[in-house]
Amino acid sequence: MKFTVDWLKNHLDTKFNNNQIIDKLTNIGLEVESFESSTSELDTFIVAKIINAKTHPNADRLKLCDVDIGSDKTIEVVCGAPNAKNGLLTVYAPPGSIIPKNQMKLSVSKIRGVTSYGMLCSESELLLSNESDGIIELKNNKYANKIGEKYFKNTSEKVIDLSITPNRPDCLGVRGIARDLSAAGAGKLKINKKSDLKYRGNQNINVTIKKEKVQGCTIFGSCLIKGATNKESPKWLKDKIKSLGQKPISAIVDITNYVMFDLNRPLHAYDADKIDNEIIVRSSSKGESFQALDNKKYILENEMCVISDRSGVLGLGGIIGGTRSGTEYSTKNILLESAYFLPRSIRKTSKQLNIDTDAKFRFERGIDPLSIEEGLIKASELIKQICGGEISNLDIKKIDNYKKTIINFDPFLFEKTTGFNVENKELIKILEKLGFDVSKNKKILKLVVPSWRPDITQSIDIVEEIVRIKGYEHINTSEPVKTRLKPTLNYYQKLFHFLQRSVASKGYLETVTWSFTDSKINQLFKEKDEEIPIVNPISSDLNVLRNSIFPNLIFYLKKNLDRGFKDISLFEIGPAFKGKNPGDQLTVIGAVRAGKVSRLSWNDKERIVDTFDVKKDVIQSLCEAGIDKDDIIIDDKTPSYYHPGKSGGVYQYKNEKNALAYFGEIHPNILKKLDIKTEGLVM
């Protein structure tokens, strides 16, 4: 967001100097990216002296001038002025300069076979007067010692460039920035003068906002200006537009841009004579198209908010207008638009069509819905002042009313959150300067949030606003406690790591998989447990919490088998979910083996892994964990996903209801359903 200091002072009565303003902006959370002079097309023009003026070798009416511009060497300039002569002090424009009269950009060029480096200027070319009979003649006593210096002094203003965060759309206008500075004690916010505009008649172009499934616009304000004369903008307005890094176009366009940056109120001007009878604000249909002001043709999708007439689309609401209804210097009658477009609609449309404009940038962040009338009045006044014309009554169409945000704020919350106290009087003063409507109800403050602050919705936002304006330096700092407790593991954590190492020592490779799995595979292993679906799964094959650790192990074992790995031993230790209640999440170890047993000696025979191998692994790990071997009982009670004749459960003698572990081959039906073909698959 760019603006000049002088522009800021149109809204803020301040005695702060430039550096103080910049410091205050930074302190209240508005990051200053740069502070520098704006570029001016007049900065390049310098005082020069003609050392030698001789006749052009190929043209009697032209002169070839050797010009001193304050550098080591003179340069050659071809000039057609009759008063070009030796010793004349004049104004020189080097290559790259833009001539104010015709906006022509100079370049090195050949004139009748001789290279000319720049141009010697007349008063009319610099818009100083209508004098065009010869080049400017400067007085010796004033400019003799200024050769090489700028002819125009102090043509550029200091420009502040702020980086505005998405939550502060109100600071995309100079008045919003001035309001924040005023609240922070940098000056007094100037009161806008009451308009003395005289309206004549009603607007005769009917406006309709259609109610749509996906609404893009809820308020559309407009007024008709008849008999205006579009022209070049006055110097003050041109300077404002140039300070933003933009090019002045015409008075009408420049005024709408000025109001947008001044009040953060995007506007659009239509040539009323090009509108076919009425304005319809609606959603687009797929395949509709229009030629935009950036000279590109856009093919629209469904549900894009468009401004249209009976002949078709005039523009994309809140983003860009179309060439068919655009204003020109010949425009006499203007329809001025000031509307409220919904941020979500703007964001979606601009992304689909890849369009980025200043208006879009503001609407997608949230424009003040109550600024519609203010924007129309401000722009109408300027058009009346610069272009003339008669202004109709304002026409405001709504399909939804703005709902105020009200917050009941307890001032004690501020001290509780920040650690320092601000008196109620000062707190109320800050909030009122920020635009809040404040009323007291015993110890509670009833706050009506200003319409330009969509980011403020709760009490903690109020705390942030006060501390931002009051100053973060008031928050007391405290050093962190330096004592460091020795890290310790509890019994279950120690058991977890012990069993992890125990199973790994038996030749199993540890895997780490999701706690989610595919419900189709989970059904094969869930027994009587409750399946827990995930509302927003990261993919369709990870749509439930796993009831057993085996679905994922089996899935990745199959992946390895499909890739040609035949002898596999995998294990995982992690959560399994038996239900939704606390305590239904268990930490379990699961392991799978397939293929041949690793030979421990050279004379061992190769054989396929069987149930007794995993039985040995299970009992050995339990004994290593502290279970007495004599207390272990083997039973045939196992889950249904085990082979009924080749599996077993491990129970403790004193507790035969709850199994410590299971082992055995996987059920053949499950192997068939999962299309797993291997020898000796055991778990």
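The values are calculated or read from the model by the stated rules, or taken from the named source; none is laboratory data. Because the structure is predicted, anything quoted here is derived from the model rather than measured. Using ideal geometry, Cβ is built from the backbone for each residue, glycine included, and neighbour counts are taken over all protein chains shown.
Points worth noting:
- Residues that are under 46 Å from the mean Cα position of the chain (by Cα), surrounded by fewer than 16 Cβ atoms within 10 Å (Cβ to Cβ) and among the charged types (D, E, K, R), drawn from the stretch 563-591: 563, 580, 584
- Subset of the stretch 297-342 (residues that are within 28 Å of the chain's Cα centre (by Cα) and more than 25 Å from residue 255 (Cβ to Cβ)): 297, 298, 299, 300, 301, 302, 303, 304, 342
- All of (1) assigned to a strand (DSSP E or B); (2) farther than 22 Å from residue 508 by Cβ hold for residue 573 with one exception: (2).
Quick grid of which residues meet (1) at pLDDT below 95; (2) surrounded by 19 or more Cβ atoms within 10 Å (Cβ to Cβ); (3) under 23 Å from residue 397 (Cα atoms):
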residue: 221; (1), (2), (3): no, yes, yes
residue: 243; (1), (2), (3): yes, yes, no
residue: 258; (1), (2), (3): no, yes, no
residue: 307; (1), (2), (3): no, yes, yes
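- Candidate set from the stretch 493-522 (those that are without any contact (Cβ under 8 Å) to a residue 40 or more places away in the chain and touching a strand residue (DSSP E or B) at 6+ places or on another chain (Cβ under 9 Å)); member that is surrounded by the most Cβ atoms within 10 Å (Cβ to Cβ): 517
- Residue 448 vs. criteria β-branched (Val, Ile, Thr), surrounded by 11 or more Cβ atoms within 10 Å (Cβ to Cβ) and either touching a strand residue (DSSP E or B) at 6+ places or on another chain (Cβ under 7 Å) or under 30 Å from residue 626 (Cβ atoms) (or both): yes
- Candidates 537, 551, filtered to the one that is of a type outside the set (D, E, K, R) and outside any helix (DSSP H, G or I): 537
- Where strands (runs of 3 or more DSSP E) fall entirely within the stretch 16-135, those with at least 3 residues that are under 30 Å from residue 184 (Cβ atoms) are at 31-37.
- Selection within the stretch 592-617: residues that are exposed (fewer than 14 other Cβ atoms within 10 Å of the Cβ) and not basic (Lys, Arg). The member of this set that is farthest from the chain's Cα centre (by Cα) is 603.
- When the stretch 537-562 is filtered for residues that are surrounded by 17 or more Cβ atoms within 10 Å (Cβ to Cβ) and within 41 Å of the chain's Cα centre (by Cα), the ones remaining, listed by number, are 542, 543, 544, 545, 546, 552.
- Filter result for residue 225 (buried (at least 23 other Cβ atoms within 10 Å of the Cβ), touching a Ser or Thr at 6+ places or on another chain (Cβ under 9 Å) and in a strand (DSSP E or B)): yes
- Residue in the stretch 379-402 that is basic (Lys, Arg), surrounded by fewer than 19 Cβ atoms within 10 Å (Cβ to Cβ) and touching a Leu at 6+ places or on another chain (Cβ under 8 Å) present: yes
- Per the conditions (1) under 25 Å from residue 319 (Cα atoms); (2) touching a residue at least 60 places away in the same chain (Cβ under 8 Å); (3) of a type in the set (Lys, Arg), the sole criterion not satisfied by residue 200 is (1).
- Qualifying residue in the stretch 264-282 (condition: under 30 Å from residue 43 (Cβ atoms) and either buried (at least 19 other Cβ atoms within 10 Å of the Cβ) or among the aromatic types (Phe, Trp, Tyr) (or both)): yes
- Subset tally (residues that are within 36 Å of the chain's Cα centre (by Cα) and part of a loop (DSSP other than H, G, I, E, B)) for the stretch 187-204: 7
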